[in-house]
Structures are given as C-alpha cells and as structure tokens.
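The values are calculated or read from the model by the stated rules, or taken from the named source; none is laboratory data. Here the structure is a predicted model, which means the values were calculated and not measured. Cβ coordinates were reconstructed from backbone atoms using ideal geometry, including for glycine residues, and neighbour counts include every protein chain displayed. Ligands, DNA and RNA are stripped out before the accessible areas are found, and what is left, the full protein with its side chains, is counted by its heavy atoms. Shrake-Rupley method; radii C 1.70, N 1.55, O 1.52, S 1.80 Å.
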Amino acid sequence: MTDDRRERATTLLRETRSDPDPADASEFDTMLGADDPTLRRYGLDGLKILARRDPSVLTARVDRIAALLEDPDREVRAGASAIYAESLSGDPVLAAADVLVDLLSDSYPIVRWNALEALVEAARTDPAACEAYVEDVMAFLDADTDHVRAHAVRFLAVVSMERPEAVVPAADRLVEILLSAGDVDVGIDATVRRQAPDRGSRVDDMAERARERQRSERQAAGHAVFGIATVDPDVVRPAVDDLLALLADPDPQVRQVALDVLVPLAEDDPGAVDAHVEAIADCLDDVPMVRASASQALTAISPVASDSVASAALDHVEAIADLLDHDSPPVRASAASLLALAADRDPDAIADVRAELEALSEDDVSFVREAAADALADR
C-alpha cells in the first residue's frame, strides 16, 4: 500500500513541477500527516511549488508545516525549513523563530542553513525581537561556506538597525569581513575554454555570482559595524586606518559604508580622523551616494579641523552644492554646513548657490534650516 501511495505521490509531484495546479493542494496536505516520511516530504515539496501560484497554499497550513520543523526525519525537517527560508515571510516566520534557532544545531547541515536563512527574514520582520538569537547566529560568522556566513552577517546587520548594542560582541569579526577583499577565481584550463567555450562561460558566471555574494556580505558587515560604532565607537576605532583604506575599494557601496562608519567615530572623537581630511574630501568627487557620506564625515571632523575642512569645501563647492536637495536631512544639513565653512574663507565662493541655500532656509527640518542660515549669514 505504501508503494502505491509513493508512486501516486511521485507522479503528482512530477506533474506539479511541470504544471502546478493549486487544486491539488488538499492531496499534498494529506501527505503531511502520513506515517511515511517520504510522503511527508513530498507533501511539503508539492505545497512549496503550488505556493508560487497561490501563496495562501502555505499560509493556510502554516501550523502543520511548523510542526514538521521538529519532525524526526531529517529530510522532512529540511523540506519544512526550506519553506520557511524561501517561501514564507513576515509574522509566520517570526512566530517560528524559537524553533528555527534550535535547528541551528541540527545534525543535518541543510536544516541548519535553511534555519539560518529563515532567521534573516524573522529579523527583517522584527529586529528587536531577534536580539536574543544573536549569540546563536554569531557562531556562523566563521562558516567555511560563503553563503552560510553571508546569512549570519545579514542577520546581524538587520538586528543592528534597532539593537546595535546586541551586535557589539561580533565587532572584530564583522570588521574582518568588511575588510576582506579578494577576487574570486574559479579556475579553468585555457584549453578547455577553447574546446568547450560554453563550459568556460558557466564557470565565469559562477565566479561572478561568488563575487556578488562577497560584495553583498561585505556591505552587510559594514552596516552592522556602523551600528556598533554608533553605540560603542571605542570598539571600532582601532580600525580607522583600515576603514580609510577602503575609500579606494572598487565597490562604491563599500566606500560609502566605510565613510558612514567614520561619521560616528568622528562625532565621538574628531581627532581620531582629522589627519585624513584630504582622503575623505577626495570622495566628494565620487558617485552621489559616496559623496553624501563624505560630506557628513567632513562635517563631523570640522570641529577640530575647521581650516582643513574649509579648504576642502572651497575646492569642492559645486559637488557639495549638488547635495543641497538630497533626500536625507542630515546630508542636506552637512552640505550647507560645509558651504558655510567655504564662505568663511571666501564669501563669493557660494555666490552661485545662494538661491539653493535660500530655498533650504525654508526646509521642513529645523537643523537643515539652521545650517542654511549659517551659510547665508553676512561675512
């Protein structure tokens, strides 16, 4: 009888892969309660496929699927955790977070990896609620598999948005990941490239995907380090020279996040970075997102290096003026503040942007208006 049911389940799953029909959901649902673990796994796989057409196929059965996260069969746990990692989102994933954390120590690697990926979604749903899981996730920062490590970094980056203090114990490792920058090379013999160009192309695609994962991981690590720097700058301050070296990184998002981290460090102790005004000022000629972060970093340094920051502002008036209509109020304010320093040196330097500054003096945000008024003050 079991063989007949397996044969029927195998046929239905094959048909579902080629032509999903949500009407078959009830049959897959029945499989979830079968004594045969193979049928339970087929039930999960079938519902996962059908959910691409109709997400309610899963959400209507979320309690049954959650129960299978603790199934005695590892393949069933793998199937259930894959649904949480790849198909569910929001509150259903958050509700299962305690079970998912327990699965981080599962004997089956695929279950551990799925659980970790699902916890990233739980953190996105409620970062503060996932603070309790930081220590469990930190263990994966040293994973040999890059995509597993990347999930751990993303989890910590998301939690740091609301609970940066919880991520402080991971600071050193996160800084290491941010600073890591090595090209990914998937080797292939030149002769093979000539004889089988399609194979070479596939290898190149694999290498590019690996590079993209590395970039994403470094960017997420940077966001977490930024959060840490806002609550405990002393932990991050020893990395100042390394952060400054990242201003030459080929990835603009890494350059941006390096500058972002420098801002709270400079706000806490401007003297820690005041000798590097020129390097930061060079970023004012970079792409807009990097320029915006450079503007804020220079503003943070200016209390102890007003002369050098004023000189830098004077040399980059046009680039700074482009930030006066930035979406972020702190960026608009920092741009106006830098133009005020330039005007202290040469009042005529801002003549061409007075109209923009006057418009900014009516900004919705008070500290932006104050910065614009300072720039426009008689000198």
Test of understanding: among A355, A372, which residue is of a type in the set (G, A, S) and closer than 22 Å to P303 by Cα? A372
Out of E131, E117, E135, report the one residue that is within 14 Å of the chain's Cα centre (by Cα) and either without any contact (Cβ under 8 Å) to a residue 24 or more places away in the chain or in a helix (DSSP H, G or I) (or both). E117
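Answer with yes or no whether L243 is within 23 Å of the chain's Cα centre (by Cα) and over 26 Å from R369 (Cα atoms).
Judged against the criteria, L243 is a match.
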Within the range 71-101, residues under 22 Å from A129 (Cα atoms), touching a residue at least 12 places away in the same chain (Cβ under 8 Å) and open to solvent by 30 Å² or more (accessible area, probe 1.4 Å) come out as E86, S87, S89, D91, P92, L94, A95, V99
Would the range 302-318 turn up any residue that is buried (at least 19 other Cβ atoms within 10 Å of the Cβ), touching a Leu at 6+ places or on another chain (Cβ under 7 Å) and of a type outside the set (A, V, I, L, M)? yes
What number of residues within the range 340-374 satisfy the criterion of being open to solvent by 20 Å² or more (accessible area, probe 1.4 Å) and assigned to a helix (DSSP H, G or I)? 19
Conditions: (1) open to solvent by less than 40 Å² (accessible area, probe 1.4 Å); (2) at pLDDT 95 or above; (3) farther than 28 Å from Q219 by Cα; (4) not basic (K, R). A335 meets all but one. Number of the miss? (3)
Top-ranked residue of the range 37-59 - restricted to ones that are within 25 Å of V101 (Cβ to Cβ) and outside any helix (DSSP H, G or I), ranked as most open to solvent (accessible area, probe 1.4 Å): P55
Residue selected from the range 262-296 under the condition among the β-branched types (V, I, T) and outside any helix (DSSP H, G or I), by the criterion nearest to D251 (Cα to Cα): V287
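Residues checked against (1) open to solvent by less than 20 Å² (accessible area, probe 1.4 Å); (2) farther than 18 Å from R332 by Cβ; (3) hydrophobic (A, V, I, L, M, F, W, C); (4) without any contact (Cβ under 8 Å) to a residue 12 or more places away in the chain:
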site: A258; (1), (2), (3), (4): yes, yes, yes, no
site: L262; (1), (2), (3), (4): yes, yes, yes, no
site: D268; (1), (2), (3), (4): no, yes, no, no
site: G271; (1), (2), (3), (4): no, yes, no, no
site: A281; (1), (2), (3), (4): yes, yes, yes, no
site: D285; (1), (2), (3), (4): no, yes, no, no
site: R291; (1), (2), (3), (4): no, no, no, no
site: A294; (1), (2), (3), (4): yes, no, yes, no
Give the residues of the range 27-36 that are outside any helix (DSSP H, G or I) and under 14 Å from V62 (Cβ atoms), sorted by residue number. L32
So how many residues does the range 164-196 have that are modelled with pLDDT under 95, assigned to a helix (DSSP H, G or I) and in contact with a helix residue (DSSP H, G or I) (Cβ under 8 Å, 6 or more places away or on another chain)? 2
Can we say A9 is crowded, with 17+ Cβ neighbours inside 10 Å, over 19 Å from A82 (Cα atoms), out of contact with any Leu (no Cβ under 9 Å at 6 or more places or on another chain) and of a type outside the set (K, R)? no
Is it the case that some residue within the range 297-316 is over 14 Å from V263 (Cβ atoms), under 26 Å from the mean Cα position of the chain (by Cα) and of a type in the set (A, V, I, L, M, F, W, C)? no
From the set of residues in the range 197-227 that are open to solvent by 30 Å² or more (accessible area, probe 1.4 Å) and more than 30 Å from A239 (Cβ to Cβ), which is modelled with the lowest pLDDT? R199
Scanning the range 228-238 residue by residue, those assigned to a helix (DSSP H, G or I) and open to solvent by 10 Å² or more (accessible area, probe 1.4 Å) turn out to be T230, V231, P233, D234, V235, R237, P238
Pick out the one residue from D63, D146, D136, D126 that is open to solvent by 20 Å² or more (accessible area, probe 1.4 Å), more than 22 Å from E217 (Cα to Cα) and charged (D, E, K, R). D63
Need pairs with beta-carbon distance below 6 Å; first residue assigned to a helix (DSSP H, G or I) and within the range 142-153, second among the acidic types (D, E); sequence gap 6+ or separate chains. A150/E217; H151/E117; V153/E217
